[in-house]
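Reviewing the structure listed below.
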Amino acid sequence: MTSTQAPSGRSTDPPYDPSLLETLRTMIRQVGEDPDREGLLETPRRMAAMYAELFEGSHLDPVEVLSVGFEEGHDEMVILKDIPFYSMCEHHFLPFHGEAHVGYLPDGRIVGLSKIARAVEIFARRPQVQERLTTQISECIEQVLNAKGVGVVIEAEHLCMTARGIRKPGSTMVTSSMRGHFREDDRTRQEFLSLIGY
Ligand code: ZN
């Protein structure tokens, strides 16, 4: 018995382009499998829903999230460390994941820490490269909060590096982006790096 009908979406699935289901069935066939085999029947639907979730950041605006900051007259460094994130390497569509550390030097205006974590998540849930992810987070915080300086350090493991290709499990990549005082002032940068444990 064969099924020619593409599996239909579930109400709990995030929205996706329904034509993706046929594309994914074709892909399953092209890698040498039978999309009508029982275990694979629901796979196109699951994958479509998964991509919609993992790429939801493409349709969301981190500026909006950070714009709810408030004036507090605070001018000491604020740090949020160990923000876990999952992103997708745009070269292989395989996950890279790890932790982001964000620090900034406010010019009076601050924002709730959960908003920073949410902004990281929005940038992460796009087809990405780690370098760009790091820079986008620091630029966005600098601009929206009008911060005097921003530092972002990201440490991540890339499945395209550890599960395939050069296969180096456990190896991580570290990227950083320093702006304003974090770039120009050694002491500010050192304070940030030592507070996040580097
Ligand atoms: Zn990759």
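The values are calculated or read from the model by the stated rules, or taken from the named source; none is laboratory data. Since we're looking at a predicted model, the values are computed, not measured. Every residue, glycine as well, gets a Cβ built from its backbone with ideal geometry; the counts of neighbours run over all protein chains shown. When the accessible area is computed, the model is the full protein with side chains, heavy atoms only, and any ligands, DNA or RNA have been set aside. Shrake-Rupley method; radii C 1.70, N 1.55, O 1.52, S 1.80 Å.
Per residue, the chain exposes 55 Å² of solvent-accessible protein surface, assessed with a 1.4 angstrom probe and all protein chains in place.
Residue order by solvent-accessible surface for Glu33, Glu142, Glu76 is Glu76, Glu33, Glu142, largest first, with ligands and nucleic acids left out and a 1.4 Å probe.
Protein heavy-atom surface of the chain, 1.4 angstrom probe: 51% of the accessible area is carbon and sulfur, with nucleic acids and ligands not counted.
For the residues Arg45, Arg118, Arg164, a GNM of the chain with alpha-carbon springs under 10 Å puts the largest fluctuation on Arg164. Estimated from the Cβ-Cβ distance and a Förster radius of 35 angstrom, the FRET efficiency linking Thr172 and Glu64 is about 0.65.
Taking a straight Cα-Cα cut-off under 20 Å and skipping sequence neighbours fewer than 8 places away in the same chain, the lysines within cross-link reach of Lys148 are Lys81, Lys115. Rounded to 0.05, the FRET efficiency of the Met27 and Arg183 pair, given R0 = 41 Å and the Cβ-Cβ distance, is 0.40.
Along the Cα-to-Cβ line of Glu56, 7 Å from the Cα, sits a label point; which residues in the stretch 104-128 have backbone N less than 18 Å from it? From the stretch 104-128, the list is 114-128. Under a Gaussian network description of the chain, with springs only between Cα atoms under 10 Å, the residue in Thr26, Thr172, Thr188 that fluctuates furthest is Thr26. Its Cα centre serving as origin, the stretch 1-120 has a Cβ charge dipole (Lys and Arg +1, Asp and Glu -1) of approximately 380 debye. Given a 1.4 Å probe and the protein chains as shown, Val144 ends up with an accessible area of around 40 Å². For Leu195, the accessible surface of its heavy atoms amounts to roughly 90 Å² (probe 1.4 Å, protein chains only, rounded to the nearest 10).
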